[in-house]
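Enquirer: Got a structure here, written out as structure tokens. Questions coming.
The values are calculated or read from the model by the stated rules, or taken from the named source; none is laboratory data. All values derive from a computational prediction rather than experimental measurement. All Cβ positions, even for glycine, are placed from backbone atoms using ideal geometry, and neighbour counts span all protein chains on display. For accessibility, only protein heavy atoms count, side chains too; no ligands or nucleic acids. Shrake-Rupley method; radii C 1.70, N 1.55, O 1.52, S 1.80 Å.
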Amino acid sequence: MSETRPNPTGRVIRFADEDIIVSKTDLKGRITYANDVFVRVSGYSAAELLGAPHSILRHPAMPRCVFKLLWDTIADRREIFAYVLNLAKNGDEYWVFAHVTPSYNLTGEHVGYHSNRRAPHADALAQVAPLYAALLAEERRHADRTTGMRESTALVLNLLAKHRVDYGQFVFGLSKHTALHTGAA
């Protein structure tokens, strides 16, 4: 599979509230299972997805620090809920509300990850999008990608601490309270 990603078109893919995108990966993030909804929404065939890195869907407008938070959490064998902007094969984009958990075999060995993704509510996205834009701007402000990710991670953690919430509380409280303010216009 080519590592070349499509250019974003700016077109948005919407999928039904009852649709659930399901995937499984190995410990390195290579896709080992993709349900029909995942295939349909992403635009990739099952054959193209199986064995591919899950990052094949990475949208360039998605802050890297969110993925760091996600991977740090699941590598610690804890579940996480997160909003993610994905890039379909044709360059169209789609937002998901993801629930990612570690997967274990029958002997309890950690063997990979399982993710269920649903269509997010518009009111939550109205709050997530500006935060992600501010995090991405912070990442891009630094010439060194590692420094950019470290600084954007610090930014989100400081915002959460300022509002006395952890990431899970932030995610589940989005439609219940006003957004975290990043200072970005």
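Enquirer: If we keep just the residues of segment 117-126 that are surrounded by 16 or more Cβ atoms within 10 Å (Cβ to Cβ) and in contact (Cβ under 8 Å) with a residue 40 or more places away in the chain, which is farthest from the chain's Cα centre (by Cα)? Before the answer, list the steps.
Expert: Step one: list which residues in segment 117-126 are surrounded by 16 or more Cβ atoms within 10 Å (Cβ to Cβ), which gives 117-120, 124-125.
The next check asks that each one be in contact (Cβ under 8 Å) with a residue 40 or more places away in the chain; those that pass are 117-119, 124-125.
Numbers: 117: 10, 118: 12, 119: 13, 124: 14, 125: 13 Å.
Step by step, filter segment 117-126, then rank; the result is 124.
Enquirer: For segment 60-75, name all the residues that are buried (at least 17 other Cβ atoms within 10 Å of the Cβ) and under 22 Å from residue 15 (Cα atoms).
Expert: Result: 62, single match.
Enquirer: Can you tell me which condition residue 11 does not meet? The list is (1) surrounded by fewer than 12 Cβ atoms within 10 Å (Cβ to Cβ); (2) under 17 Å from the mean Cα position of the chain (by Cα), and all the others hold.
Expert: With (1) surrounded by fewer than 12 Cβ atoms within 10 Å (Cβ to Cβ); (2) under 17 Å from the mean Cα position of the chain (by Cα) applied to residue 11, the lone miss is (2).
This table checks each residue for (1) over 29 Å from residue 159 (Cβ atoms); (2) open to solvent by 30 Å² or more (accessible area, probe 1.4 Å); (3) touching a helix residue (DSSP H, G or I) at 6+ places or on another chain (Cβ under 7 Å); (4) of a type in the set (Lys, Arg).
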| residue | (1), (2), (3), (4) |
| --- | --- |
| 24 | yes, yes, no, yes |
| 31 | yes, no, yes, no |
| 39 | yes, yes, yes, no |
| 43 | yes, yes, no, no |
| 50 | yes, yes, no, no |
| 77 | no, yes, no, yes |
| 92 | yes, no, no, no |
| 108 | yes, yes, no, no |
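Enquirer: Next up: Any chance you could count how many residues in segment 1-14 are at pLDDT 95 or above and either assigned to a strand (DSSP E or B) or in contact with a Lys or Arg (Cβ under 9 Å, 6 or more places away or on another chain) (or both)?
Expert: Going through segment 1-14 one residue at a time, the tally reaches 1.
Enquirer: For segment 79-90, enumerate the residues that are open to solvent by 50 Å² or more (accessible area, probe 1.4 Å) and at pLDDT 95 or above.
Expert: If the condition is that a residue be open to solvent by 50 Å² or more (accessible area, probe 1.4 Å) and at pLDDT 95 or above, then 89, 90 are the ones that fit.
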